[in-house]
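What follows is a short report on a single structure.
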Amino acid sequence: MKVLVVGAGMYVTGRQGSGVGTVMAALAQASRRQPIEEVEIVARDPANAAAVDEAARRINSQLGTSLPFRYTVIDGARPLSAQLPLDRFGCAIVVVPDHLHYDITADLLEHRLAPLVVKPLVPTAAEARQLIAIQDRTKTYAAVEFHKRWDESNLLARRYVAEGRIGKLVYGVVEYSQRIRIPTEIFRGWADQTNIFQYLGVHYVDLFYFLTGLTPRRVSALGTRGVLAKHGIDTWDSVHATIAWGRPGEPDEFVTQLTISWIDPDTTSALSDQRIKLIGALGRIECDQKDRGIEVVTGDAGIQHVNPYFADFLPDADGRTQFQGYGYESIASFLGDVRDLAEGRRTMAALEPIRPTLRQSLVSTAVVEAVNHSLAHGSEWRSIDANG
């Protein structure tokens, strides 16, 4: 199988202090277990070629793999299908700015190439429904890379909720922030075309849906501005969203409050500072997803709270380096699903209830759109229609 990767930024290659490069490393690791012949990475900037080459050498050397990575420059104004023979790929991973997701994903689906799209799927529910319509017509599998569904701490919380261990859910709280270099340096070229809730908060919207099985009903959001404006970036510094969830036909509501920002100092001990709480009538679950009990102090980086559970190079029991973690599992699961579908071992209908598919991701997309509307209209409450 040949894999197409659309985009060559930090999540693909790892750069600017953003980590090891999750997508390329995950594909190299997966090539040990699945027949991946080649990876072609496409993007608009010729300068990405050096970053891709460096990442390929580094990753293959650490893992002892020899997966070929090739970089191709494309014209961003033209469809991929007009520039590449898409039928030679087995699947695609879409890692581009939010506002480019729809056109690229629609093009891939029209040509029956299964895409894994980084979050958010798209900014509007109308676009999500249009993608679902194309998917239904072409019978092509697609998913969104909501890797928090594979995090063991979240899976434990899901089990406790399902077993009723904390009773009827009452409310939930999320605090999630990132370093200011994300909007001011790494995403500077497009930070003003998104906002921190759409880019980052969407992770926890999907997670609440995954943990509880509840449906979002309405949302109200406040935002703050000023810090990024001083850097010439016209977007929200922070977004504070209240979301009411429930079950059809039941009046009771589960209320979540999400405080999301990206103005942390670059000297903070982790790229992402994140905490989640679930409070029920019989108990509570609290999870510090930044401080997982591992603190490292080095002369060059100072104090760091590291998260090897997300994605990192770690030795196995035999001393052989593996790339592992829930970030890897998310991508590897998609690759395995694509292969199983092609070989008839699974069906799209069987995957629908257990994966972050386009229909499941309509929920988080609808919330993102409602939050954006509320921000633009004085924090008014906005009803949510997440029906496919």
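Which net charge results when you count Lys and Arg as +1 and Asp and Glu as -1 among the other residues whose beta-carbon is under 9 Å from that of Gln324? Summing Lys and Arg as +1 and Asp and Glu as -1 gives -3. Sorting Val227, Val12 by the number of Cβ atoms found within 10 Å of their own Cβ, with the fewest placed first, yields Val227, Val12. Expressed per residue, the C-alpha convex hull volume of the chain stands at 151 Å³. Under a 5 Å amide H cut-off, with hydrogens placed 1.01 Å from N, Glu145 pairs with Val117, Val118, Lys119 among residues at least 5 apart or on other chains.
Hull volume per residue, based on the alpha-carbon atoms of segment 170-239 and their convex hull, is 103 Å³. Across segment 336-388, the volume of the C-alpha convex hull divided among the residues equals 81 Å³ per residue. Dipole size of the chain about its Cα centre, with +1 on Lys/Arg Cβ and -1 on Asp/Glu Cβ: approximately 560 debye, rounded to the nearest 20.
The orientation-averaged projection of the convex hull spanning the C-alpha atoms of segment 45-115 amounts to 5.5 square nanometres.
You can think of it this way: the chain between Arg345 and Gln322 has 5.6 nm of extra reach, that is 0.36 nm per residue less the Cα-Cα gap.
Amide H contacts of Ile41: Val5, Arg70, Tyr71, Thr72, each under 5 Å away and 5 or more positions distant or on a separate chain (H built 1.01 Å from N in the peptide plane; Pro and chain starts excluded). Listed by Cβ neighbour count within 10 Å, with the fewest neighbours leading, Leu86, Leu109, Leu80 appear as Leu86, Leu80, Leu109.
Comparing segment 271-388 with the 2.2 N^0.38 Å rule of thumb, its C-alpha radius of gyration ratio is 1.50 (two decimals). On the beta carbon distance between Asp53 and Ala133, with R0 = 41 Å, the FRET formula returns roughly 0.55.
Backbone phi angles across segment 109-116, fed through the Karplus curve with coefficients 6.51, -1.76 and 1.60 (θ = phi - 60°), yield HN-Hα couplings of 5, 4, 9, 6, 10, 5, x, 10 Hz in residue order; Gly and Pro are listed as x. For Trp236, the amide hydrogen comes within under 5 Å of the amide hydrogens of Ile196, counting only partners 5 or more places away or on other chains and with H modelled in the peptide plane. Short-range pairs are left out: with C-alpha atoms under 8 Å and at least six residues apart, the relative contact order of the chain is 18 percent.
Residues in segment 265-282 carry Karplus couplings, in order, of x, 5, 8, 4, 7, 8, 4, 10, 10, 8, 9, 9, 10, 10, 10, x, 5, 10 Hz; the curve used is 6.51 cos²θ - 1.76 cosθ + 1.60 with θ = phi - 60°, and Gly or Pro positions show x. For segment 321-331, putting each phi into the Karplus relation 6.51 cos²θ - 1.76 cosθ + 1.60 with θ = phi - 60° gives couplings of 6, 10, 9, 8, x, 5, x, 5, 4, 4, 6 Hz, in residue order, rounded to whole numbers and with x for Gly and Pro.
The ranking of Met348, Met10, Met24 from fewest to most other beta carbons within 10 Å of each one's beta carbon is Met348, Met10, Met24.
Read the figures in this text as sums done on the coordinates, not as results from a lab. Keep in mind that what you see is a predicted model, and the values were worked out from it rather than measured. Counting neighbours? That spans all protein chains shown, and the Cβs are built from the backbone with ideal geometry, glycine included.
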